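First comes the structure, then the notes that go with it.
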Amino acid sequence: MSTTSDNAICIRRWDFSETSQTVLLFGREIGLFRGLAKGAKRPKSRFSGGFDVLTRGQVVAIIKPGKDLATLTEWHLEQVYRAGRTDLNINRIALYMIDLVQHMFTDHDPHPAAFDLLSSSLDAFESAQQPQPVLLRFQIALLDECGYRPELVHDAQTGRIIDDTSTTLAFSSRHGGVVADTVEPDRWRVRRATVELLRAAQRDALPAEPNIATALRANRLLAAHYRELLGKQTATMTALFSDLRV
């Protein structure tokens, strides 16, 4: 049994009783973990009035090996991501992002870079005029962190350099990237502009004002790719992208 303190983002929250809560947190050093906060909603508790989704704070937890729930003893709220609460589109995007984190990682598997990515992306919504570029950076970088970096320069099936004279290409989740534009059922046709924007995002070199329609197409493609990786379409995917590729 050990007591640890970590910077964490609240991913999920459930009421355990009138005064207590169970939560799923994404800690920078701990990774995903679940905890029980007894008395969290009491006015004079050490939990900043209780946990809420899309907030970041410092948590103190007692983690017992073999136990599903850690015992949470303190929560010091540091950041409320208000854009995700006041703007419906950003709310859907933010919930989709934390849902990806929950599904792509296993419990107690630390990913500090992914935590920093999520935290900075949620911060960026507070001032971003367009949320699609923020989501694009997040989706492409999270794939890297999870070990699923898509191949965007070479044909993911043959290894050959992509033909830059073609106006359309294709993407295959089975092969893990861009492939030749053929009629095979395991690939989706994509515009060259979409691939070029994905390449820029992968290099962390998005233009200051990318074409929003192209960014939306790129995000939709990556969401469909995540769906194939997960083997299911999550509720947050459906809420954000009503027309995912099939």
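Would you check if Phe115 is in a strand (DSSP E or B), of a type in the set (Phe, Trp, Tyr) and in contact (Cβ under 8 Å) with a residue 12 or more places away in the chain?
So Phe115 does not fit the description; no.
Screening Ser48 with (1) farther than 20 Å from Thr234 by Cβ; (2) modelled with pLDDT of 95 or more gives one miss only, at (2). Taken over the stretch 133-147, residues that are surrounded by fewer than 21 Cβ atoms within 10 Å (Cβ to Cβ) and under 16 Å from Leu216 (Cα atoms) amount to 1. When the residues of the stretch 97-132 are filtered to those that are of a type in the set (D, E, K, R) and more than 17 Å from Ala223 (Cα to Cα), the one that is nearest to the chain's Cα centre (by Cα) is Asp116.
On the basis of being assigned to a helix (DSSP H, G or I) and in contact (Cβ under 8 Å) with a residue 60 or more places away in the chain, does Asp144 make the cut? Criteria not met by Asp144.
Within the stretch 92-119, the set of residues being over 27 Å from Val178 (Cβ atoms) and not aliphatic (A, V, I, L, M) comprises Arg92, Gln102, Thr106, Asp107, His108, Asp109, Pro110, Pro112, Phe115, Asp116, Ser119.
Filter the stretch 26-56 down to the residues that are within 17 Å of His111 (Cα to Cα) and in contact with an Asp or Glu (Cβ under 8 Å, 6 or more places away or on another chain) and list them by number.
Result: Gly27, Arg28, Glu29, Ile30, Gly31, Leu32, Phe33, Arg34, Arg56.
The values are calculated or read from the model by the stated rules, or taken from the named source; none is laboratory data. Just so you know, these numbers come straight off a predicted model, no measurement behind them. Methodologically, a virtual Cβ is constructed for each residue, glycine included, from the backbone with ideal geometry; neighbour enumeration extends over all protein chains shown.
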